[in-house]
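Written below as structure tokens is the structure these notes are about.
The values are calculated or read from the model by the stated rules, or taken from the named source; none is laboratory data. Quantities reported herein were computed from a predicted structural model and do not represent experimental measurements. We place every Cβ from the backbone using ideal geometry, glycine too, and count neighbours over all the protein chains shown.
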Amino acid sequence: AKRRGPGHVEVFDSAAGGALQRRWAVATDLRAAIDADEMTVVYQPVFDIEIGVLVGVEALARRTSPTLGPLGPDEFVPAAEQAGLIAALGERVLRRACRDAAAWQRLLGAGAERRPPSVDLRVNVSPLQLRMPGFLATVDDALADSGLDPSTFGIEITESVWLEDSDTVRAALRGLHERGIRILLDDFGVGQSSLGSVTRFPLLDGVKIDRSFVAGLPVARSEAVIGAVVSVAEAFGLDVIGEGVETPEQLATLLRCGCRRAQGYLLGRPTDADSVAELVRAGG
Ligand code: C2E
Ligand code: CA
Ligand code: CA
Ligand code: CA
């Protein structure tokens with residue numbers, strides 16, 4: 001430990017110690033945010049890019065800490081997982097998102113003709129959450145409380161979940177499927193994910209092509225990969241959503257590859273629930 005004058009000894013003075021301390025501070029803040037129901041949720045619009053209509057939103061968790069400032073999910077999700085808080089955090093996000101989405105669905109129901117038929121909600125679910133025996137009951141409760149139609153709801157999970165040999169996870173996925181809840185494979189194209197994995201899981205409803213692939217467009221090789229993903233997905237009746245579209249060229253290439261759905265900064269940044277309601281009212 002480093003000395004800073006008489007009697008003062010810092011416990012953490014290495015880079016690793018600093019990271020540990022930061023993680024502890026984040027976890028402490030999250031615990032407070034969860035208890036006070038102060039987690040924020042923003043929504044990134046997903047469009048049918050062939051006809052330019054809003055078809056859904058992805059819920060993304062946010063946190064602005066009074067002491068640490070704005071925290072991103074890339075930092076606080078792993079911190080929550082490590083601190084045993086991910087189930088509680090996920091439940092807060094889920095309940096909030098279902099309530100918000102139910103309100104949009106009511107707008108649609110009252111709607112004029114130009115309004116999209118449905119604005120589906122997608123929520124990211126950590127593998128740890130799916131492994132908890134209470135997960136399905138929490139989903140049921142969130143849907144019942146909000147009145148959200150299960151067929152407009154879906155979860156996004158990463159491939160590590162498919163590869164997991166767990167009865168709890170399998171039962172959870174089957175239960176979701178039986179309820180008409182969509183299951184999407186997130187970040188497709190990174191890690192060990194392969195076209196084979198898409199064909200091996202009958203419960204899958206769609207794949208999301210990772211931003212890193214879309215960012216590579218319009219390079220011929222990336223284009224060929226996306227074209228192949230779209231063909232295989234279509235053969236298996238799966239939706240394909242392109243993520244992270246930032247340029248008109250990327251959008252045009254996705255369309256050329258037959259990818260009908262997309263999200264990204266070019267089309268819409270993550271935004272609050274009121275702004276989504278405006279978008280829904282305006283007809284997407
Ligand atoms: P993800 O599921 O792949 O979500 C997409 C991420 O890309 C989001 O980052 C989004 O803001 C960002 N993004 C969207 N369009 C663009 C674009 O055009 N360009 C670029 N550069 N980025 C774009 P965010 O919100 O920071 O989330 C990061 C990750 O944290 C998510 O990746 C997801 O895996 C995780 N996450 C977010 N919310 C939750 C949650 O409620 N629960 C769990 N378990 N994980 C969450
Ligand atoms: Ca996602
Ligand atoms: Ca993703
Ligand atoms: Ca990601």
Filter the stretch 242-264 for residues that are within 16 Å of ligand 2 (Cβ to nearest atom) and not in a loop (DSSP other than H, G, I, E, B); the one that is nearest to ILE209 (Cα to Cα) is GLY242
For the stretch 125-146 the number of residues that are away from ligand 2 (no atom under 16 Å from the Cβ), modelled with pLDDT of 95 or more and of a type in the set (A, V, I, L, M) is 6
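Given the structure, is LEU266 crowded, with 20+ Cβ neighbours inside 10 Å and in contact (Cβ under 8 Å) with a residue 12 or more places away in the chain? Full working, then the answer.
On the way: crowded, with 20+ Cβ neighbours inside 10 Å: no; in contact (Cβ under 8 Å) with a residue 12 or more places away in the chain: yes.
It is false that LEU266 is crowded, with 20+ Cβ neighbours inside 10 Å and in contact (Cβ under 8 Å) with a residue 12 or more places away in the chain.
For the stretch 125-178, what are the residues that are within 16 Å of ligand 3 (Cβ to nearest atom) and touching a strand residue (DSSP E or B) at 6+ places or on another chain (Cβ under 8 Å)?
In the first step, residues of the stretch 125-178 are kept if they are within 16 Å of ligand 3 (Cβ to nearest atom); the result is 125-127, 154-162.
Of everything in the stretch 125-178, those that are within 16 Å of ligand 3 (Cβ to nearest atom) and touching a strand residue (DSSP E or B) at 6+ places or on another chain (Cβ under 8 Å) turn out to be VAL125, PRO127, GLY154, ILE155, GLU156, ILE157, THR158, GLU159, TRP162.
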Just to be sure I understand the filter: pairs with C-beta atoms under 6 Å, separated by 6 or more residues or on different chains, first member in the stretch 1-29 and at pLDDT 90 or above, second member not hydroxyl-bearing (Ser, Thr, Tyr). Which pairs pass?
GLN21/PHE12; ARG23/ALA79; VAL26/PHE76; VAL26/ALA79; ALA27/ALA79; ALA27/ALA83; ASP29/LEU68
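In the set THR168, THR138, THR158, which member is under 15 Å from LEU94 (Cβ atoms) and polar (S, T, N, Q)? Lay out the reasoning, then the answer.
Details: THR168 fails: under 15 Å from LEU94 (Cβ atoms); THR158 fails: under 15 Å from LEU94 (Cβ atoms).
The unique qualifying residue is THR138.
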Any pair with Cβ under 6 angstrom, 6 or more apart, that starts in the stretch 120-148 at a residue that is among the small types (Gly, Ala, Ser) and ends at one that is more than 16 Å from ligand 4 (Cβ to nearest atom) and in a helix (DSSP H, G or I):
ALA142/LEU94; ALA142/ARG95; ALA142/CYS98; SER146/CYS98; SER146/ARG99; SER146/ALA102; GLY147/ALA102
Have a look at VAL139, VAL169, VAL161 and point out the one that is surrounded by fewer than 21 Cβ atoms within 10 Å (Cβ to Cβ) and either in a helix (DSSP H, G or I) or touching a helix residue (DSSP H, G or I) at 6+ places or on another chain (Cβ under 6 Å) (or both).
VAL169
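Condition first: closer than 25 Å to ARG95 by Cβ, within 16 Å of ligand 4 (Cβ to nearest atom) and not acidic (Asp, Glu). Can you find one or more residues in the stretch 189-201 that meet it?
Going residue by residue through the stretch 189-201, those that are closer than 25 Å to ARG95 by Cβ are none.
Looking for residues that are closer than 25 Å to ARG95 by Cβ, within 16 Å of ligand 4 (Cβ to nearest atom) and not acidic (Asp, Glu), one finds none in the stretch 189-201, hence no.
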Given the structure, is GLY154 closer than 30 Å to ALA142 by Cα, touching a Gly at 6+ places or on another chain (Cβ under 9 Å), small (Gly, Ala, Ser) and within 14 Å of ligand 4 (Cβ to nearest atom)?
no
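Looking at the structure I just gave you, is VAL230 touching a strand residue (DSSP E or B) at 6+ places or on another chain (Cβ under 7 Å), without any contact (Cβ under 8 Å) to a residue 40 or more places away in the chain and among the hydrophobic types (A, V, I, L, M, F, W, C)? Quick ask: steps written out before the conclusion?
Values: touching a strand residue (DSSP E or B) at 6+ places or on another chain (Cβ under 7 Å): yes; without any contact (Cβ under 8 Å) to a residue 40 or more places away in the chain: yes; among the hydrophobic types (A, V, I, L, M, F, W, C): yes.
When the stated conditions are applied, VAL230 passes them.
Name every residue in the stretch 142-157 that is polar (S, T, N, Q) and surrounded by 20 or more Cβ atoms within 10 Å (Cβ to Cβ), in order of residue number. Give the steps one after another, and end with the answer.
Residues of the stretch 142-157 that are polar (S, T, N, Q), as a first pass: 146, 151-152.
The answer is SER146, THR152.
Table: residues versus (1) at pLDDT 95 or above; (2) away from ligand 3 (no atom under 16 Å from the Cβ); (3) within 22 Å of the chain's Cα centre (by Cα).
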| residue | (1), (2), (3) |
| --- | --- |
| ALA220 | no, yes, no |
| GLU223 | no, yes, no |
| VAL229 | no, no, yes |
| GLY244 | yes, no, yes |
| THR253 | no, yes, no |
| ARG256 | no, yes, no |
| TYR265 | yes, no, yes |
| LEU279 | no, yes, yes |
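Within the stretch 143-155, can you find the residues that are part of a helix (DSSP H, G or I) and either charged (D, E, K, R) or closer than 16 Å to VAL57 by Cβ (or both)?
Filtering the stretch 143-155 down to residues part of a helix (DSSP H, G or I) leaves 143-146, 150-152.
If the condition is that a residue be part of a helix (DSSP H, G or I) and either charged (D, E, K, R) or closer than 16 Å to VAL57 by Cβ (or both), then ASP145, SER146, SER151, THR152 are the ones that fit.
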Candidates ARG95, ARG122, filtered to the one that is modelled with pLDDT of 95 or more, charged (D, E, K, R) and in contact with a Ser or Thr (Cβ under 9 Å, 6 or more places away or on another chain):
ARG95
